[in-house]
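Down below is the structure, laid out as structure tokens.
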Amino acid sequence: MILLTIDELKQQCRILSDDENSLLEIYGAAAEEYAAAYIGRPLVAEEPASIKAACLMLAATMYAYRESESVAQTHELRACKAMLDPHRVGSFL
């Protein structure tokens, strides 16, 4: 992961133990990949807080709803996209 840390993901997901670290690493990397693809450029270590927050929210959503899609997941994805939209390549806001 470039942007997120395991400790940040554990805090976002309210996880106290290290038992889920491998799973969180996968979700964090997947969230960063999604964000990079959505905004149309690679992520770097120093990104705006909105991009980092979107990645944390995406990873936490993947963790919380890993079995199936829900209405809450759909709303959270909209919130993530709203945070990422201003950073899309070619975006004019």
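The values are calculated or read from the model by the stated rules, or taken from the named source; none is laboratory data. These numbers come from a predicted model, not from an experiment. Neighbour counts run over all protein chains shown; Cβ positions are idealised from the backbone, glycine included. These accessible areas exclude ligands, DNA and RNA; they are computed on the full protein's heavy atoms, side chains included. Shrake-Rupley method; radii C 1.70, N 1.55, O 1.52, S 1.80 Å.
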Whats the longest run of the chain with zero GluC sites (Glu not before Pro) that are DSSP loop and have at most 12 other Cβ atoms within 10 Å? 1-45
Relative contact order, percent, the chain [alpha-carbon distance under 8 Å, six or more residues apart]: 34 percent
In the range 1-59, the trypsin sites (Lys or Arg not before Pro) that sit in a DSSP loop and have at most 15 other Cβ atoms within 10 Å of their own Cβ are Arg14
Judged on accessible area alone, 1.4 Å probe, highest first, Ile39, Ile15, Ile2 line up as Ile2, Ile15, Ile39
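Any chance you could list the semi-axes, whole Å, largest first, of the equivalent ellipsoid that the Cα gyration tensor gives for the range 1-84, using √(5λ)? Walk me through the intermediate numbers first.
Details: eigenvalues 70, 54, 21 Å².
So the equivalent ellipsoid measures 19, 16, 10 Å along its semi-axes.
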